[in-house]
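Bear in mind these aren't lab numbers, they're just calculated from the coordinates by the rules spelled out. All values reported here derive from a predicted model rather than from experimental measurement. Here the Cβ is made from the backbone with ideal geometry for all residues, glycine too, and neighbour counts use every protein chain on show.
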């Protein structure tokens, strides 16, 4: 998306592409750290989410910080106020196909990732 906005966007495309890149990078970093924390906190280091659900690797404050990190990431990806300032610039400056990809695919990550739950949950 960065290259699509920067390469084929409209007048202020460089600024919009950079803003998109920075928000995406800084917004994804907390998720990466939370997942690494879950991995390293597991007694048997694994990325298997079913194992994490069966035997939570983090407790107390560490679990709370992992949750907050994930919520920050999803708030940037949704995008929720006040972490949405990158979105208008990206949509306005992107070419039509870039705006469609952004709205139709990329913005769904935060919404659906925040709603995922185990299949056996009631």
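Worth a mention:
- The relative contact order of segment 2-115 comes to 36 percent, based on Cα pairs under 8 Å that sit 6 or more residues apart.
- Rg and Dmax, both from the Cα atoms of the chain and both in Å, are 17.0, 52.
- Taking the number of Cβ atoms within 10 Å of each Cβ as an exposure proxy, the fewest-first ranking of 74, 20 is 74, 20.
- A Förster radius of 25 Å combined with the Cβ-Cβ distance from residue 54 to residue 108 puts the calculated FRET efficiency at roughly 0.35.
- The angle between the Cα long axis of helix 60-77 and the main principal axis of the chain comes to about 20°, on a 0 to 90 degree scale.
- Sequence ranges 24-35, 83-94, 55-66, ranked by mean other-Cβ count within 10 angstrom, highest first: 83-94, 24-35, 55-66
- Dividing the summed -39500 (n - 2.57) terms of all DSSP H runs of n ≥ 4 by the residue count of the chain sets its mean residue ellipticity at 222 nm at -20500 deg cm²/dmol.
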